[in-house]
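Colleague: My questions all concern the structure below.
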Amino acid sequence: MSSKIEQIIEEIEEFIDGCKYKALSNTHIIVDKDQIDELLHELKVKTPDEIKRYQKIISNKEAILADAREKANALINEATVHTNELINEHEIMQQAYAQANEVVTLATNQAQEILDNATIEANTMREAAMRYTDDMLASVENLIAQSMEGTAFRYEQLMSGLNTCYETVKSNRAELFPMAGLEDLEEEVAAEPKKGLDVI
């Protein structure tokens, strides 16, 4: 079952795949700003919850290790009790020592095996959660980079278009007056208040 973030990323990928290419381009697309903003906002809202969920998985490592320690201690305690019982039997003292050492060694080995397996399992869960989180963040990073590139490209096109219009208007105004009056025209233009353009 996929996570909320995976679903949102799939929606963003489907949205991008469904966008039309710009004229004369097979790399730049036309994006509905409101729709992509809505998808990115939903991704921003869901990301902390998903990260918390994987942090909880990582924190379970301590619970797994604690349970393993408890089982290991129980085995050692049981072995110790059994050892004491054998030692108290004078008739089989030598046999008791041998059996006690064997039981303690077996219990210690089993306890170490439980701890090793628990540590491996916890580390595997932690690495998987970190890899998954990194993959999600990488997808978001790529999406943001693409959006930034698209915005910069559109801004450059806008400025190029405005510059062309400005040169055309300037040229047309110059043609309205003879060459003898060109200096007067330039002084008139310089005296006019500058008007800016609001770019959205």
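Coordinate-derived values only; no laboratory data. Because the structure is predicted, anything quoted here is derived from the model rather than measured. A quick note on method: Cβ atoms are made from the backbone with ideal geometry, for glycine too, and the neighbour counts reach across all protein chains shown.
Colleague: Starting with the fewest neighbours, write out M136, M159, M125 ranked by other beta-carbon atoms found within 10 Å of each beta-carbon. Please list the in-between numbers first.
Modeller: Details: M136 21, M159 11, M125 16.
The most exposed by this proxy come first: M159, M125, M136.
Colleague: Can you compute the modelled spin-label distance between Q95 and Q110, with each label point 7 Å from Cα toward Cβ, in nm?
Modeller: Placing both labels 7 Å along Cα→Cβ, they lie 2.2 nm apart.
Colleague: Still on this structure: Return the subset of K22/K170; K20/K56; K33/K56; K4/K61; K33/K170; K46/K71 for which the Cα-Cα distance in this structure is over 32 Å, preserving the input order.
Modeller: Violating the 32 Å limit, Cα to Cα: K20/K56; K33/K56; K33/K170; K46/K71.
Colleague: Something else now. For a quick check: with amide H placed at 1.01 Å from N, whose amide H comes under 5 Å from I29's, ignoring anything fewer than 5 positions away on the same chain?
Modeller: HN-HN under 5 Å from I29: K22.
Colleague: Under the definition of Cα pairs under 8 Å and six or more residues apart, what whole-number percent is the relative contact order of region 4-191?
Modeller: Averaging sequence separation for qualifying contacts and normalising by length gives 20 percent for region 4-191.
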